[in-house]
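These notes are about the structure you will find just below.
The values are calculated or read from the model by the stated rules, or taken from the named source; none is laboratory data. Just so it is clear, the structure is predicted and the values come from calculations on it, not from any experiment. Note that we place each Cβ from the backbone using ideal geometry, even for glycine, and neighbour counts take in every protein chain shown.
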């Protein structure tokens, strides 16, 4: 069975600086997708960034980028120029490419604190 | 686009009572998911619908839990004879029926259940 591990329960960063959130996963599959979702306090979960395992190029979305290391089964999220609005729980998630139901397997989350 | 909505946002009930939650997905989304999220954890998959058909149900889901999506639009999640261990945030998510980036799940704000 696939598992997703986020080893940092909490991270803090000074506003405008860069922070990296870690995620590792375990799978025997070669076809899968990885996601980072953000859950602000009392607000709904939203997708931050998505990575297909077959793509070697790391995904980027504005200030958010990933470091996808397929052999190491690592999928970290880098947030550049941190802003107060980035404060949230961040969840890493995995989806099997062979799962027709597109079920997501989630990590436990990392709470990101932005210091003004 | 009004997004995914859930009602109620908060529910406090006494142990042994029945509760029902409602989820209204984004209108063109025919796939719908229910998750449970406890404090400090990532979401746990509960069940999944394609249109009105319930295609998958987690082994975590006891017989006290039932979900329906009668007309393939809104969905309800009922918990009978609630227990204190049912206290959690119940999240609903929907997505359209295409592959690619549209496999993104769009989440509602959740219903927070407290069982006294």
Being in contact with a helix residue (DSSP H, G or I) (Cβ under 8 Å, 6 or more places away or on another chain) and part of a loop (DSSP other than H, G, I, E, B) is the filter; apply it to segment A:94-116 and report the residue that is surrounded by the most Cβ atoms within 10 Å (Cβ to Cβ).
A:102
Every pair of residues 6+ apart whose Cβ atoms lie under 7 Å, when the first sits in segment B:35-64 and is away from chain A (no Cβ under 12 Å) while the second is surrounded by fewer than 16 Cβ atoms within 10 Å (Cβ to Cβ):
B:51/B:72; B:52/B:70; B:52/B:71; B:52/B:72; B:64/B:80; B:64/B:81
From the set of residues in segment B:76-109 that are touching a helix residue (DSSP H, G or I) at 6+ places or on another chain (Cβ under 9 Å) and either outside any strand (DSSP E or B) or closer than 27 Å to residue B:16 by Cβ (or both), which is nearest to the other protein chains (Cβ to nearest Cβ)?
B:96
When you check residue B:112 against the structure, is it under 12 Å from the mean Cα position of the chain (by Cα), more than 12 Å from every other protein chain (Cβ to nearest Cβ), under 23 Å from residue A:39 (Cα atoms) and part of a strand (DSSP E or B), yes or no?
no
So how many residues does segment A:44-62 have that are surrounded by 12 or more Cβ atoms within 10 Å (Cβ to Cβ) and either free of Cβ contacts under 8 Å to residues at least 24 places away in the same chain or under 10 Å from residue B:107 (Cα atoms) (or both)?
10
Please work out which residue is farthest from residue A:17 (Cα to Cα), limiting yourself to segment A:27-42 and to residues that are assigned to a loop (DSSP other than H, G, I, E, B), within 14 Å of another protein chain (Cβ to nearest Cβ) and in contact (Cβ under 8 Å) with a residue 40 or more places away in the chain.
A:31
If we scan segment A:7-23, do we find a residue that is over 17 Å from residue A:108 (Cα atoms), out of contact with any strand residue (DSSP E or B) (no Cβ under 6 Å at 6 or more places or on another chain), in a strand (DSSP E or B) and away from chain B (no Cβ under 14 Å)?
no
May I ask you to say which residue of A:27, A:3 is exposed (fewer than 15 other Cβ atoms within 10 Å of the Cβ) and in contact with a strand residue (DSSP E or B) (Cβ under 8 Å, 6 or more places away or on another chain)?
A:3
Within segment A:105-116, how many residues are more than 7 Å from every other protein chain (Cβ to nearest Cβ) and closer than 22 Å to residue B:48 by Cα?
1
Suppose we keep only residues that are at pLDDT 90 or above and in contact with a strand residue (DSSP E or B) (Cβ under 7 Å, 6 or more places away or on another chain) within segment B:59-75. Which one would you say is surrounded by the most Cβ atoms within 10 Å (Cβ to Cβ)?
B:75
Would you mind telling me which numbered condition in (1) out of contact with any helix residue (DSSP H, G or I) (no Cβ under 9 Å at 6 or more places or on another chain); (2) more than 14 Å from chain A (Cβ to nearest Cβ); (3) in contact (Cβ under 8 Å) with a residue 40 or more places away in the chain; (4) surrounded by 13 or more Cβ atoms within 10 Å (Cβ to Cβ) residue B:18 fails?
(4)
Tally up the residues in segment A:63-93 that are surrounded by 13 or more Cβ atoms within 10 Å (Cβ to Cβ) and not in a strand (DSSP E or B), please.
7
